[in-house]
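Structure first, then comments.
The values are calculated or read from the model by the stated rules, or taken from the named source; none is laboratory data. Here the structure is a predicted model, which means the values were calculated and not measured. Reconstructed Cβ throughout: ideal geometry from the backbone, glycine too, with neighbour counts over all protein chains shown.
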Amino acid sequence: MSKTNTILVDFENVQPSDMGLLLSSEFENGKLFIFVGKNQQKIPLDTVKVVQKLGDRAEYIPIRDSGKNALDFHIIYYIGRLSEKEPGTSFYIISQDTGYDPLIKTLKEKEVSCLRKTCIKDIPLFKSKEKVELLNFGSKIELVKRRLSGKNKPNTLSALFNTIKNILKENKEADVNKVLESLIKNGFLSINSKAMVEYGDDK
């Protein structure tokens, strides 16, 4: 069984602008809990869209009390409960509040994996994706070419599309299609009438 990654967002403290990363393959089986303060009446549209796409893997946790540290204690409670229910889970608290750090130290002593980060892209899960995203378009083309230089190249259009998507850790079909069009244009590969892929070095 693969390890579960659970992200708990202290939404009262920080509203991540990189929520879209949670739709990538790195978070395929992950869970998201967004802890919303009592006085928070609005959720950014980008966050709502991500939560909707994650379906039952995402949940809002509204905090009914506005007392000091009320939200923090809820996050601590959830980590305690989930670590017992799902041993082996890696927890990531998204917050700028250093008050969580003593808890994290205690959890590590109990062999519970937990980190605090101020944004989602700093979670180790997404480091490789961030590096790919920093590449310019030409570099992405070269990266795909290198990965497709082996013997077991995808031989159907659908398989090729998914391979490019995985290489670039890209979720937007339009961006994958741009890379595919460039590979065809420069003669690296072609697609025949039966949606089969023919590579230039195989002709």
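List of remarks:
- Segment 1-27, subset closer than 15 Å to residue 171 by Cβ and at pLDDT below 85, residue surrounded by the fewest Cβ atoms within 10 Å (Cβ to Cβ): 25
- Residue among 53, 105 that alone is assigned by TED's automatic domain parsing to the domain that holds residue 17, closer than 30 Å to residue 172 by Cα and either of a type in the set (S, T, N, Q) or in a helix (DSSP H, G or I) (or both): 53
- Tally, over segment 86-102, of residues that are surrounded by fewer than 18 Cβ atoms within 10 Å (Cβ to Cβ) and either in contact with a helix residue (DSSP H, G or I) (Cβ under 6 Å, 6 or more places away or on another chain) or farther than 23 Å from residue 15 by Cβ (or both): 4
- Whichever residue in segment 135-171 is under 21 Å from the mean Cα position of the chain (by Cα) and part of a loop (DSSP other than H, G, I, E, B) and, among such residues, is modelled with the lowest pLDDT: 135
- Test result for residue 76, assigned to a helix (DSSP H, G or I), under 21 Å from residue 169 (Cβ atoms) and more than 20 Å from the chain's Cα centre (by Cα): no
- Among the residues of this structure, residue 33 does not count as one that is under 22 Å from residue 89 (Cα atoms), free of Cβ contacts under 8 Å to residues at least 24 places away in the same chain, in the same structural domain as residue 94 (by TED's automatic domain parsing) and surrounded by 13 or more Cβ atoms within 10 Å (Cβ to Cβ).
- Test for residue 123: is it within 28 Å of residue 17 (Cβ to Cβ) and surrounded by 13 or more Cβ atoms within 10 Å (Cβ to Cβ): yes
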